[in-house]
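Peer 1: One structure, pasted below without further comment.
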Amino acid sequence: MKFFNWILNRKTIAPNIGRGVCLSKDEADKLKKLDHEKLMNMDSKERFSVFANVIGEENAKWVNARFEKEFLFKNQQEGMINWAKKTDMKTEFRKEIVSKISNLEKALSPTEIDEFIDKLSELSLGIGVTEEEAKTIMELFKKVEEAKLKMENGGSVIDYEKACDVYQDYINKLKYS
């Protein structure tokens, strides 16, 4: 696995690979023997536990963080962005999906990936709404609520009905476009 190659492709037996983190050649060799597919499908706590059993808790913290940031996270983002680019969907949904993927800050657990992909799939099918559309819905709903409050305090019924119509027209436009 490419991630562990940096451990073995070094010139010294016990390189300093981080702030106070050193791995022996034996520890590096043990990491190289781990089942990388299993590591990728574990959540952070499970992966940390495996690393801790092999190289101790102190080194496991650093290796797990680096594994998640430089390998797992990068591969997750690239894979999801490639999926979004190859999937047939409206341009605004593709932009929204790529934006959501790009804004991720950490590697996702297998459960989080499933939930995230479910949300992205809804958008790609046109079932969900973009952030901009959600913002517009909330603004229009707020206007309906304000008009209702004014109407209940002696304001115009017509203004309330207009606000309701604008809100409903926007919702219908999203449903049927």
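Each reported figure results from applying straightforward, stated rules to the coordinates on display, with no laboratory input. Note that the coordinates shown come from a computational prediction; the quantities given were computed from them, not determined experimentally. Positions of Cβ are generated from backbone atoms using ideal geometry, with glycine treated the same way; all protein chains shown enter the neighbour counts.
Peer 1: About the Cα centre of the chain, what is the dipole size in debye to 20, counting +1 per Lys and Arg Cβ and -1 per Asp and Glu Cβ, all else neutral?
Peer 2: Roughly 1020 debye for the chain.
Peer 1: With each label point set 7 Å from Cα along the Cα-Cβ vector, what nm distance links Q77 and D114?
Peer 2: 2.6 nm
Peer 1: Considering all projection directions equally, how large on average is the shadow of the alpha-carbon convex hull of the chain, in square nanometres?
Peer 2: Across all orientations, the chain yields a mean hull projection of 14.6 nm².
Peer 1: May I pose another question? Run the quick spin-label model on L174 and K61: label points 7 Å from Cα toward the beta carbon, then report their separation in nm to one decimal.
Peer 2: Distance between label points: 4.4 nm.
Peer 1: Return a whole-number percent for the relative contact order of the chain, with Cα pairs under 8 Å and 6 or more residues apart as the contact set.
Peer 2: With pairs under 8 Å counted, the relative contact order is 15 percent.
Peer 1: Positive end of the charge dipole of the chain (Lys, Arg +1 and Asp, Glu -1 on Cβ, about the Cα centre): tell me which of S102, F48, N172 has its Cα farthest that way.
Peer 2: Value: F48.
Peer 1: To continue, here is another question. For K142, what is the net charge nearby, where nearby means another residue's Cβ is under 11 Å from its Cβ and Lys, Arg count +1, Asp, Glu -1?
Peer 2: 0
Peer 1: About its Cα centre, how strong a charge dipole does the stretch 65-140 have in debye, to the nearest 20, once Lys and Arg get +1 and Asp and Glu get -1 at the Cβ?
Peer 2: Dipole about the Cα centre, nearest 20: 360 debye.
Peer 1: How much FRET efficiency would the formula 1/(1 + (r/R0)^6) give for K135 and V157, where r is the Cβ-Cβ distance and R0 is 35 Å, rounded to 0.05?
Peer 2: The value I calculate is 0.80.
Peer 1: While we're looking at this one, here's another question. Post the alpha-carbon centroid distance, the stretch 90-109 to the stretch 22-77, in whole angstrom.
Peer 2: With the stretch 90-109 and the stretch 22-77 each reduced to a Cα centre, they are spaced 26 Å.
Peer 1: Report the relative contact order of the stretch 131-176, percent, no decimals, based on alpha-carbon pairs under 8 angstrom and at least 6 residues apart.
Peer 2: With pairs under 8 Å counted, the relative contact order is 41 percent.
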